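A.B. asks: Can you read through this structure? Questions will come right after.
The values are calculated or read from the model by the stated rules, or taken from the named source; none is laboratory data. As the structure is a computational prediction, the values presented were derived from the model and not from experiment. Cβ sites come from the backbone with ideal geometry, for glycine too, and all protein chains shown count toward neighbours.
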Amino acid sequence: MLAHPLLPKLKQLRLSGIALSLEERAALAAATGVSHVDFLALLLDDELERRQQNRHQLRIRRAGFDDVRLISQFDFGAVPTLDRSLVLSMATCQFVQNKENWIICGQTGTGKSHLAAGIGYEAIKKGYTVLWKNTAELLLELADAREDGVFQRRLKALIDTELLILDDFGLKPVSPQGGQDLYDIVHKRYEHGSIVVTSNRALTEWDDIFGDGLLASAALDRLTHHARITVVKGGSYRQKSRTNNTASTKEDEPTDKENL
């Protein structure tokens, strides 16, 4: 196979998917009597599948997830007040097609980031471009970009992506310039691209995040105009897990009588 005369031509044409399966497909064709046209179709299917997988993996890398978390892994039992049918409906990503938003509020540790990441991954599976950003880190990146003279390029990437996820919105204080940058992102994406926001701050507290009531009002008006707002209620996943683990450890510890 290494000396097959087609290999240099396939590499030159950037058809490596065909090169990888050529020997297997040729053996199959010889054994089953597949026609030349069907044989070519099989090879082209292999190439198209490889390219689709490569695009999928590239979108995941470019999205910038901390880690990939799936909707199928979400523990709905730990958040019984959360409408599972709503989440599954959002996972269809029709809201991305409609250029709508999803705002997810709730206490720390209730699974907001997991939901947002899961939706982001579903969007990538459906062919959408996605960017995941921790809000505080994003604002620092934009501040650095402004100093480096590449601010407009960074801003354009945030505007052009089909789904922008802003995680931990309002968790850390925002500078006046940061508040302006947040408003610009929301303003420029309004009815042009979807935003998913996770925040442990209620919408009524967003004036404090922007540091400017007028900016907050204008941003919130655009964010919520075509949006689903979900409040996730319940205790922290992590605290529950730690409590359960501690309880299990204590149950496993031998009693004084067992030590004798």
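A.B. asks: Mind listing whichever residues of segment 212-250 are touching a strand residue (DSSP E or B) at 6+ places or on another chain (Cβ under 8 Å) and at pLDDT below 90?
C.D. replies: Lys233, Gly234
Okay, residues lined up against (1) within 29 Å of Leu58 (Cβ to Cβ); (2) surrounded by fewer than 17 Cβ atoms within 10 Å (Cβ to Cβ):
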{"residue": "Lys126", "(1), (2)": "yes, yes"}
{"residue": "Asn134", "(1), (2)": "yes, no"}
{"residue": "Asp148", "(1), (2)": "yes, yes"}
{"residue": "Gln152", "(1), (2)": "yes, yes"}
{"residue": "Leu171", "(1), (2)": "no, yes"}
{"residue": "Gly178", "(1), (2)": "no, no"}
{"residue": "Phe210", "(1), (2)": "no, no"}
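A.B. asks: Being more than 20 Å from the chain's Cα centre (by Cα), more than 30 Å from Ser175 (Cα to Cα) and assigned by TED's automatic domain parsing to the domain that holds Val174 narrows it down to one of Thr92, Thr81, Thr32, so name that one.
C.D. replies: Of Thr92, Thr81, Thr32, the one residue that is more than 20 Å from the chain's Cα centre (by Cα), more than 30 Å from Ser175 (Cα to Cα) and assigned by TED's automatic domain parsing to the domain that holds Val174 is Thr81.
A.B. asks: Confirm whether Phe39 is under 29 Å from Arg14 (Cβ atoms), aromatic (Phe, Trp, Tyr) and assigned to a loop (DSSP other than H, G, I, E, B).
C.D. replies: It is false that Phe39 is under 29 Å from Arg14 (Cβ atoms), aromatic (Phe, Trp, Tyr) and assigned to a loop (DSSP other than H, G, I, E, B).
A.B. asks: So which of Leu115, Leu131 ends up being assigned to a helix (DSSP H, G or I) and either charged (D, E, K, R) or at pLDDT 95 or above (or both)?
C.D. replies: Result of the check over Leu115, Leu131: Leu115.
A.B. asks: Related question: Among Ser72, Ser89, which is the only one that is surrounded by fewer than 12 Cβ atoms within 10 Å (Cβ to Cβ) and either touching a residue at least 24 places away in the same chain (Cβ under 8 Å) or among the small types (Gly, Ala, Ser) (or both)?
C.D. replies: Result: Ser72 is the single residue among Ser72, Ser89 that is surrounded by fewer than 12 Cβ atoms within 10 Å (Cβ to Cβ) and either touching a residue at least 24 places away in the same chain (Cβ under 8 Å) or among the small types (Gly, Ala, Ser) (or both).
A.B. asks: Does Ile185 fit the bill of being surrounded by 14 or more Cβ atoms within 10 Å (Cβ to Cβ), touching a Gly at 6+ places or on another chain (Cβ under 6 Å), assigned by TED's automatic domain parsing to the domain that holds Gln152 and of a type in the set (A, V, I, L, M)?
C.D. replies: No.
A.B. asks: Working only within segment 175-198, note down all residues that are under 21 Å from the mean Cα position of the chain (by Cα) and in a loop (DSSP other than H, G, I, E, B).
C.D. replies: Tyr190, Glu191, His192, Gly193
A.B. asks: On to the next question. Could you go through segment 199-217 and let me know if any residue there is in a strand (DSSP E or B) and under 21 Å from the mean Cα position of the chain (by Cα).
C.D. replies: yes
A.B. asks: Name the single residue that is nearest to Tyr121 (Cα to Cα) among those in segment 81-107 being in contact with a Ser or Thr (Cβ under 6 Å, 6 or more places away or on another chain) and among the β-branched types (Val, Ile, Thr).
C.D. replies: Step by step, filter segment 81-107, then rank; the result is Val96.
A.B. asks: Among the residues of segment 154-169, what is the count of those that are touching a strand residue (DSSP E or B) at 6+ places or on another chain (Cβ under 9 Å) and surrounded by 15 or more Cβ atoms within 10 Å (Cβ to Cβ)?
C.D. replies: 10
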